[in-house]
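Right, one structure below, let's go through it.
The values are calculated or read from the model by the stated rules, or taken from the named source; none is laboratory data. In this text, all values refer to a predicted model and were calculated from it rather than measured experimentally. So basically every Cβ, Gly included, is an ideal-geometry build from the backbone, and we count neighbours across all protein chains shown. The protein model used for the area step is the full one, side chains on, heavy atoms only, and it has no ligands, DNA or RNA in it. Shrake-Rupley method; radii C 1.70, N 1.55, O 1.52, S 1.80 Å.
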Amino acid sequence: MSDNNRNNKPVLVTKSSMPSFEEYSEEIRDIWDSVWLTNFGKKHNKLQEELQDYLGVKNISLFVNGHMSLELCLQAMGIEGEVITTPFTFVSTTHAIIRNGLTPVFADIKEDDYTIDPASIESLITENTSAIVPVHVYGNLCDVDAIEQIAKKHNLKVIYDAAHAFGVTRNGVGAGCFGDASMFSFHATKVFHTIEGGAIASNDDKLIEELYRLKDFGIRSEEVIDGVGANGKMNEFAAAMGLCNLRHVDEEIEKRSCVASHYRNRLSKLRGIKLSKIQPGVKSNYAYFPVVFTDESGTSRDEVFEALKQHNIYSRKYFYPLTNSLDCFEGRFDVNMTPVALDVSKRVLTIPMSASLEADVIDEICDVIEECVK
Ligand SMILES: *Cc1c(COP(=O)(O)O)cnc(C)c1O
């Protein structure tokens, strides 16, 4: 059925960036000399330093994945009781809270950039609240100033899920500099990746020390194990992938920016389609390209999802369902408490986004969407 240049090869919603085979081979060569494969090796330490520089943060603690880093960060900070968060996120955020024995309390999101709405946070604070876990979504930043104000006023910790925000800055300040700590994911589908991997960024040296111990089973010294930790360490092959990808990440983000502009040019003209707000002062990483289909569009998110699939193009209902409606929570939370998030989750589609997405494929995707809207 194909008359396109891609010979109808599938277009996936994300595509991992890869260094050349030669570059990666060169990077891992000395692992054969050292035979040091994991446990805070040379590659790990080098990546840690380079990321501190790149993200402009004081400390980085590297992990086996983003989820484990968030889970252990909440544990290390001794968070207790209730945590105010957003249901408009990947399930990992909510699971990390619940797996720490904490109670998530869900605030609503803003209609224009899909991040947690500070106006809905304060009324949810009780004497049991100890932290806020906001999520930077799609490469948009949360309203970090308003969140900081609320946190200061009520003496709450703030831990950002910054899995979508690698390399994002606001007025030159990196996403990892806000709150008490920020979690980054380096999963293969993210803007910067180490195959699997993650990190906590924080100014707090004590927290970083505690994380170092908790990601290594709680071992303090050979004979003293004084923390109930887990295994969260990043291995040398993952770190080597990170060292390679970091050399190219600026170029990757620049290419994503061109893809986003192309989409915007085509889609902003269409009736009933809402694109994410461009945030003043924020340099995005264009991690995802969300499109919201309002009633005026004359189509629906699910219809567009299916139409794209007919063309072998795979978009993602992201984030859908909301995490406060998941089967595993058996109706414990009320989705009607977060009406904006509920509405957006039914209308939003993230369409394919990667540095290597070609102009004719972008046009083809926009043609399919345009056809649905007509
Ligand atoms: C990817 C992601 C995570 C989890 O990160 P992993 O590295 O896959 O464990 C958490 N939160 C959000 C918002 C994510 O997108």
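Observations, loosely collected:
- In the stretch 151-165, the residues that are outside any helix (DSSP H, G or I) form Cβ pairs under 9 Å with partners that are away from the ligand (no atom under 16 Å from the Cβ) and among the charged types (D, E, K, R), at six or more places apart or across chains, as follows: K157/D180; V158/E148; V158/D180; I159/D180; Y160/D180.
- Scanning the stretch 160-188 for residues that are open to solvent by 50 Å² or more (accessible area, probe 1.4 Å) and within 13 Å of the ligand (Cβ to nearest atom) turns up just one, H187.
- Index of the failed condition, E122 passing every other in (1) open to solvent by 10 Å² or more (accessible area, probe 1.4 Å); (2) within 29 Å of H193 (Cα to Cα); (3) touching a Lys or Arg at 6+ places or on another chain (Cβ under 9 Å); (4) away from the ligand (no atom under 13 Å from the Cβ): (2)
- Test: residue in the stretch 20-36 that is buried (at least 17 other Cβ atoms within 10 Å of the Cβ) and closer than 28 Å to G172 by Cα: no
- Qualifying residue in the stretch 228-236 (condition: in contact with a Gly (Cβ under 7 Å, 6 or more places away or on another chain) and free of Cβ contacts under 8 Å to residues at least 60 places away in the same chain): yes
- Scanning the stretch 220-231 for residues that are acidic (D, E), touching a strand residue (DSSP E or B) at 6+ places or on another chain (Cβ under 9 Å) and at pLDDT 95 or above turns up nothing.
- Pick from the stretch 89-106, criterion within 12 Å of the ligand (Cβ to nearest atom) and more than 11 Å from D161 (Cβ to Cβ), ranking: surrounded by the most Cβ atoms within 10 Å (Cβ to Cβ): H95
- Helices (runs of 4 or more DSSP H) contained in the stretch 1-98 and holding at least 2 residues in contact with a Ser or Thr (Cβ under 6 Å, 6 or more places away or on another chain) and closer than 26 Å to V137 by Cα: 66-76, 91-98
- Out of P290, P352, P280, P339, sole residue that is under 20 Å from H136 (Cα atoms), open to solvent by 50 Å² or more (accessible area, probe 1.4 Å) and in contact (Cβ under 8 Å) with a residue 40 or more places away in the chain: P339
- A Cβ distance below 7 Å, combined with a sequence gap of six or more or placement on separate chains, defines the contacts here; from the stretch 58-86, residues that are open to solvent by 10 Å² or more (accessible area, probe 1.4 Å) reach residues that are of a type in the set (K, R) and away from the ligand (no atom under 16 Å from the Cβ) in the pairs M77/K157; I79/K157.
- Failed condition for K9, given (1) of a type in the set (D, E, K, R); (2) surrounded by 14 or more Cβ atoms within 10 Å (Cβ to Cβ); (3) at pLDDT below 95: (2)
- Some residue of the stretch 126-141 being crowded, with 19+ Cβ neighbours inside 10 Å, more than 16 Å from the ligand (Cβ to nearest atom) and either within 18 Å of I278 (Cα to Cα) or of a type in the set (D, E, K, R) (or both): no
- Residues that are part of a loop (DSSP other than H, G, I, E, B), out of contact with any Cys (no Cβ under 8 Å at 6 or more places or on another chain) and hydroxyl-bearing (S, T, Y), drawn from the stretch 101-138: Y114, T126, Y138
- Within the stretch 182-240, the set of residues being within 16 Å of S69 (Cα to Cα), within 20 Å of the chain's Cα centre (by Cα) and β-branched (V, I, T) comprises T194, I195, I200.
- Residue check for L357: open to solvent by 20 Å² or more (accessible area, probe 1.4 Å), in contact with a helix residue (DSSP H, G or I) (Cβ under 6 Å, 6 or more places away or on another chain) and aliphatic (A, V, I, L, M): yes
- Every residue from the stretch 189-206 that is farther than 30 Å from L357 by Cα and open to solvent by 10 Å² or more (accessible area, probe 1.4 Å): N203, D204, D205, K206
- Positions within the stretch 238-260 being among the hydrophobic types (A, V, I, L, M, F, W, C), out of contact with any strand residue (DSSP E or B) (no Cβ under 8 Å at 6 or more places or on another chain) and open to solvent by less than 60 Å² (accessible area, probe 1.4 Å), in sequence order: A238, A240, M241, L243, C244, L246, V249, I253
- Residue check, K58 under 18 Å from N245 (Cβ atoms) and modelled with pLDDT of 95 or more: no
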